[in-house]
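Each remark here refers to the structure printed beneath this line.
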Amino acid sequence: MSIRFEVIRTVQVTKQRAYFGLLDLDSAQNWMKGLVKIERMEEGPLKAGSEWRETRKMFGTKATEHFEVVELKEPHKIVLRCDGTKGTTGKGEFVFTYILSSKNDSTEIKLEGEINGLTGLAKFFGKMMAGTFKKACAKDLDSLKSYLEKE
């Protein structure tokens with residue numbers, strides 16, 4: 001059973017700028033709330049297969065999750081996967097698909113979130129978790145929007 005959610009934001013920057021803003025891990029500390037650190041697994045620009053560990057402080061505690069770039073189609077689409085079995089969550093797979101489209105002088109960022117592989121109580125409470133993830137992703141996109149529009 002897959003749990004899905006969607007967040008859409010319009011950013012007053014070019015599609016190219018929004019695309020690179022989403023992938024700029026070095027600047028994430030400037031806008032990502034609760035970010036403690038990002039540890040890249042390799043050097044160079046992000047590409048399909050690139051991985052990193054992201055540590056954030058959430059609900060008063062630190063949580064580290066393992067991310068991987070699944071697909072990049074510049075400047076239209078970014079697909080990221082968080083393998084919950086390799087992080088603090090301990091279970092599940094979280095897929096974040098960002099679809100960018102130009103709207104006049106701005107860019108619409110549509111985030112399609114998908115949560116897979118939950119079992120037991122996590123599966124039972126999955127719908128509520130989806131709401132929590134959607135709110136967290138919306139806050140991240142709002143923060144990214146503010147950051148990109150200031151530059």
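When you look at G84, is it buried (at least 16 other Cβ atoms within 10 Å of the Cβ), at pLDDT below 95 and not β-branched (V, I, T), yes or no? Criteria met by G84. Exactly one residue among F94, F67 is at pLDDT below 95, part of a strand (DSSP E or B) and touching a Lys or Arg at 6+ places or on another chain (Cβ under 9 Å), and that residue is F94. Can E39 be described as among the acidic types (D, E) and not in a strand (DSSP E or B)? Spelling it out, it is not the case that E39 is among the acidic types (D, E) and not in a strand (DSSP E or B). If the condition is being more than 23 Å from G92 (Cα to Cα), out of contact with any helix residue (DSSP H, G or I) (no Cβ under 7 Å at 6 or more places or on another chain) and without any contact (Cβ under 8 Å) to a residue 40 or more places away in the chain, then the range 21-46 contributes D24, L25, D26, A28, Q29, E42, E43, G44, P45. Among the residues of the range 19-36, those that are closer than 17 Å to E65 by Cα and either part of a strand (DSSP E or B) or small (G, A, S) (or both) comprise A28, G34, L35, V36. Could you tell me whether E68 is surrounded by 12 or more Cβ atoms within 10 Å (Cβ to Cβ) and free of Cβ contacts under 8 Å to residues at least 24 places away in the same chain? Yes. Contact list please: Cβ distance under 7 Å, first residue in the range 117-146 and β-branched (V, I, T) and surrounded by 13 or more Cβ atoms within 10 Å (Cβ to Cβ), second residue in a helix (DSSP H, G or I) and modelled with pLDDT of 70 or more, pairs at least six apart or on different chains. That search, which allows pairs on different chains as well, returns nothing. A single entry from G21, G92 fulfils the requirement of being farther than 17 Å from L144 by Cα and crowded, with 19+ Cβ neighbours inside 10 Å: G92. Scanning the range 72-92 for residues that are of a type in the set (D, E, K, R) and within 14 Å of E112 (Cα to Cα) gives K77, R81. Of note, R56 does not satisfy the criterion of being surrounded by 18 or more Cβ atoms within 10 Å (Cβ to Cβ), over 24 Å from S146 (Cβ atoms) and of a type in the set (D, E, K, R). Hey, can you tell me all the residues within the range 7-39 that are modelled with pLDDT of 95 or more and of a type in the set (D, E)? Listed by number, the residues that qualify are D24, E39.
The values are calculated or read from the model by the stated rules, or taken from the named source; none is laboratory data. Note that the coordinates shown come from a computational prediction; the quantities given were computed from them, not determined experimentally. Reconstructed Cβ throughout: ideal geometry from the backbone, glycine too, with neighbour counts over all protein chains shown.
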